[in-house]
1. Hey, can you tell me all the residues within the range 318-340 that are out of contact with any helix residue (DSSP H, G or I) (no Cβ under 7 Å at 6 or more places or on another chain) and in contact (Cβ under 8 Å) with a residue 60 or more places away in the chain?
2. Name the residues in the range 258-282 that are over 21 Å from residue 196 (Cβ atoms), surrounded by 15 or more Cβ atoms within 10 Å (Cβ to Cβ) and either more than 19 Å from the chain's Cα centre (by Cα) or not assigned by TED's automatic domain parsing to the domain that holds residue 295 (or both), would you?
3. Being free of Cβ contacts under 8 Å to residues at least 60 places away in the same chain and in contact with a helix residue (DSSP H, G or I) (Cβ under 8 Å, 6 or more places away or on another chain) is the filter; apply it to the range 171-206 and report the residue that is surrounded by the most Cβ atoms within 10 Å (Cβ to Cβ).
4. Got a number for residues in the range 56-76 being surrounded by fewer than 18 Cβ atoms within 10 Å (Cβ to Cβ) and either within 12 Å of residue 96 (Cβ to Cβ) or in contact with a strand residue (DSSP E or B) (Cβ under 9 Å, 6 or more places away or on another chain) (or both)?
5. Taking residue 255, is it in a loop (DSSP other than H, G, I, E, B) and either outside the structural domain of residue 195 (by TED's automatic domain parsing) or surrounded by fewer than 21 Cβ atoms within 10 Å (Cβ to Cβ) (or both)?
6. Looking at 305, 329, can you tell me which residue is in a loop (DSSP other than H, G, I, E, B), in the same structural domain as residue 178 (by TED's automatic domain parsing) and surrounded by 16 or more Cβ atoms within 10 Å (Cβ to Cβ)?
């Protein structure tokens, strides 16, 4: 173009020249790669706790290998998974292998060319089809306490509350356990509840706004509304109006936790889990003596399914993405084998009754006509909600058994929450 001079600029690499032969420089570069991996996972929408777990698995692997990330070979993963992690649970080994594989696939996509230029090595994931921990399925069966045993456990725990050395914290743990048994919340969902998540006027029973629902495939927390089934409403009225205001934090502040710690802020999950385990050791009777927040979740699902809730309703209550996951929670209440057995016996008895013929036994034993005297089978299917008289599906306690006897707590001024 006339009147305009064209100047050619020098194109230079924006990356500062460096060599990874120096250990300090190599350590700094590896830290940079780990930080970039964490930032990429954060951009993907992965929760902070998941990112911390992935980084911990990668750092543990690199420390065990004793080489830099760009020097890793499949043999290092073989020794780590087959020797160092040999005694760990299979799920733990699979999780660590997945985090390691993800980190090195990140290096392949983002930094393979740069690392090859600096080191002469082609970085690749050490996890392959040969050493990847296999997953043949989850065959672990969790057996929760029966409804009768759980009712006795909560009744004994409630009686102990007035004489507890720390009445406030003991009442908090009791209320959290009862709520988990009534509506099946996860541990993190329970600890992250806020006071403004309690909506007594929504629906016929009231609802809880669960904000910290478990995500999947990088979706982040999945929120849902959980109805106050069973005694949950009366329990929450007692907790909010009579106990919650006794803690030192200001409950009127926005985002105030529903179950606070003694120093303010939400309670930690480990604190509640330890208290629940100790209470079960003192009061839980029967063949199941160990109790955890997740076992309470299983107990809630089994009880509601036995009372007549459909599998789809239980799935929505628990916040499961797949119906197959919910089926693993209600296996205790499943009666398919018993129903088939009783129906087969009834059909056999009816056949002999209609024919009127008694079949003589070949070995001189009891005649086959004894089938006609068997107890008639009950109708197939589960009972209707509220119309059951079986002990194993009775509700856990009654509304009058929610608060501790004889020791009233404080109250929240102006709460005005309706009683059940």
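The values are calculated or read from the model by the stated rules, or taken from the named source; none is laboratory data. This structure is a prediction, so every number in the text was calculated from the model and none was measured. Note that each Cβ is placed from the backbone with ideal geometry, even for glycine, and that neighbours are counted across all protein chains shown.
1. 319, 321, 328, 331
2. Matches in the range 258-282: 279, 280.
3. 179
4. 4
5. Here the answer is yes, as residue 255 does meet what is asked.
6. Details: 305 fails: in a loop (DSSP other than H, G, I, E, B).
Exactly one of 305, 329 is in a loop (DSSP other than H, G, I, E, B), in the same structural domain as residue 178 (by TED's automatic domain parsing) and surrounded by 16 or more Cβ atoms within 10 Å (Cβ to Cβ), namely 329.
Residues are listed down the side, and each one gets a yes or a no for (1) under 30 Å from residue 306 (Cα atoms); (2) in a helix (DSSP H, G or I); (3) modelled with pLDDT under 90:
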| site | (1), (2), (3) |
| --- | --- |
| 100 | no, yes, no |
| 107 | no, yes, no |
| 113 | no, yes, no |
| 138 | yes, no, yes |
| 141 | yes, no, yes |
| 151 | yes, yes, no |
